[in-house]
1. Taking into account only those residues within the stretch 46-70 that are touching a Lys or Arg at 6+ places or on another chain (Cβ under 9 Å) and under 15 Å from Arg7 (Cβ atoms), which is surrounded by the fewest Cβ atoms within 10 Å (Cβ to Cβ)?
2. Out of the stretch 20-44, which residues are surrounded by 10 or more Cβ atoms within 10 Å (Cβ to Cβ) and either in contact with a Phe, Trp or Tyr (Cβ under 9 Å, 6 or more places away or on another chain) or within 20 Å of Gly60 (Cβ to Cβ) (or both)?
3. So in the stretch 45-64, with the set limited to residues that are assigned to a helix (DSSP H, G or I) and free of Cβ contacts under 8 Å to residues at least 40 places away in the same chain, which one is nearest to Met21 (Cα to Cα)?
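Bear in mind these aren't lab numbers, they're just calculated from the coordinates by the rules spelled out. Model, not experiment: these values are computed from the prediction. Cβ placement follows ideal geometry from the backbone for every residue including glycine, while neighbour counts extend to all protein chains displayed.
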Amino acid sequence: MIHVNVRGLVVRESENGKQLMIQLRKRVGEPEVYELPGGRINEYEKIVDGLKREVMEETGLTVKSIYSEQ
């Protein structure tokens, strides 16, 4: 089985300017690291939908737009 992960560079705009959203990952037996919000997408889930869901689950924020440089 193949697992696909997504990560989002989340920029939140507020009255104080733009904020980059990162999170601190703490796992037993591993060093603490900062990482972008994200995680594994579900089977048959579109990548964009999985990214939106993961950002909501991990930050409580709703994704309003996605920028992708292709």
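1. Ile66
2. Here is the first cut: in the stretch 20-44, the ones surrounded by 10 or more Cβ atoms within 10 Å (Cβ to Cβ) are 21-23, 25, 33, 35-42.
Hits for the stretch 20-44 are Met21, Ile22, Gln23, Arg25, Glu35, Leu36, Pro37, Gly38, Gly39, Arg40, Ile41, Asn42.
3. Let us first name the residues in the stretch 45-64 that are assigned to a helix (DSSP H, G or I), namely 47-59.
If we keep only those that are free of Cβ contacts under 8 Å to residues at least 40 places away in the same chain as well, we get 48-49, 52-53, 56-58.
On the way: Val48: 18, Asp49: 19, Lys52: 14, Arg53: 15, Met56: 12, Glu57: 13, Glu58: 10 Å.
The residue in question is Glu58.
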